[in-house]
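Chemist: I have a structure I would like to understand better, so I am pasting it below and will then ask my questions one at a time.
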Ligand SMILES: *[C@@H]1O[C@H](CO)[C@@H](O)[C@H](O)[C@H]1NC(C)=O
Ligand SMILES: [Ca+2]
Ligand SMILES: [Ca+2]
Ligand SMILES: [Ca+2]
């Protein structure tokens, strides 16, 4: 098992180094760092035999064993609770649900022992549906009281009423569970669970959308060119949306996952020849309805409507995630595509 892990790590490292130009490796910054670190951890186990990360064959990369759970502290991202949930889903995981006192202790010990303090994490659990009824995603009840929730001699959490409906563990409150405003930006703390794995088998950060593996990189605001490089860094391509069911699937996915307030760059442009829209592999992009959205810039017409000022293809929130031409230096989130894993 250890040898297998090492081989997987080496293959991934080779793939990453091949795909990314040197100067861009630096610019990918935190994201690449995080993923790279996570991928390297099993190697430490291999070399030292002993490590704080107990080897557990059932924890796939980038998850590590904490107690009897497979966890990933996704510190590269800071998102709302709903968006954090989506990031966990893209790793075949869910926000961690802390159900036992031992889980609680294991997580706090791990944060202390591994210098993960100073960060704030979203975990599973909310009372958005019915004030005061705290439920995990599984609809089981979240345990109340000691030793889970923060308490002083005067009062104990949750006590934020209708304005604080999501559970976080934060540095400020000593990593006790605390109810907070769901739109606060914090890092996802994901728990891998075999059951959550999608049927198609997409690599980390990619999810199955209508049979394609798509990554919604909601934590990075980038130009079109940077988005393309980010996709290459994840061993993917800037997404071609060349099947109408995929456009529909993307629309349904961003609404289902609560990330429809995000706008995405996809892999199309007419930069090489004005008006001639191509995917990054050179194939032509379909024109007209129902692909492109309507435009009211110059009477009622369809996009593209930007001429020389707009040469890159985006699916935007205000554009209802139809195809629209946009200024290539606008900052949106990358949307990437890759092949399902066999
Ligand atoms: C795109 O937007 C940038 C920044 O707002 C601006 O400087 C640039 O001129 C625009 N490009 C085009 C082609 O209009
Ligand atoms: Ca509440
Ligand atoms: Ca154009
Ligand atoms: Ca436009």
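Chemist: At 0.36 nm per residue, and after removing the present C-alpha to C-alpha distance, how many nm does the segment from residue 273 to residue 68 gain when stretched out fully? Provide the component values of the computation, followed by the final result.
Modeler: Values: separation 205, 0.36 × 205 = 73.80 nm, distance 5.63 nm.
Gain on extension, residue 273 to residue 68, equals 68.2 nm.
Chemist: Starting from the Cα-Cα distance between residue 320 and residue 183, subtract it from 0.36 nm times their residue separation and give me the gain in nm to one decimal.
Modeler: Details: separation 137, 0.36 × 137 = 49.32 nm, distance 2.19 nm.
Taking residue 320 through residue 183 to full extension adds about 47.1 nm, to one decimal.
Chemist: Cα extents of the stretch 80-136 along the three principal axes, largest first, in whole Å?
Modeler: So the extents along the principal axes, rounded to whole Å, are 36, 26, 21.
Chemist: Okay, next question. If you take the beta carbon distance between residue 146 and residue 109 as r and set R0 to 25 Å, what does 1/(1 + (r/R0)^6) give as a FRET efficiency, to the nearest 0.05?
Modeler: Details: r = 17 Å, r/R0 = 0.69.
The computed FRET efficiency comes out at 0.90.
Chemist: Inverting the mean 1/r over all pairs of different Cα atoms, compute the Kirkwood radius of the stretch 203-342 and quote it in Å. Mind showing how you got there, number by number?
Modeler: Working: mean 1/r = 0.0671 Å⁻¹.
Roughly 14.9 Å, rounded to one decimal.
Chemist: Using a Förster distance of 35 angstrom, determine the FRET efficiency expected from the C-beta separation of residue 58 and residue 245, and round it to 0.05. Before the final figure, lay out the partial values.
Modeler: On the way: r = 34 Å, r/R0 = 0.98.
With a Förster radius of 35 Å, E is 0.55.
Chemist: Modelling each spin label as a point 7 Å along the Cα-to-Cβ direction, I'd like the residue 256/residue 102 distance in nm, to one decimal.
Modeler: It works out to 3.5 nm between the two label points.
No lab work stands behind these numbers, since they all come straight from the coordinates. What you see is a predicted model; the values in this text were computed from it and never measured. We place every Cβ from the backbone using ideal geometry, glycine too, and count neighbours over all the protein chains shown.
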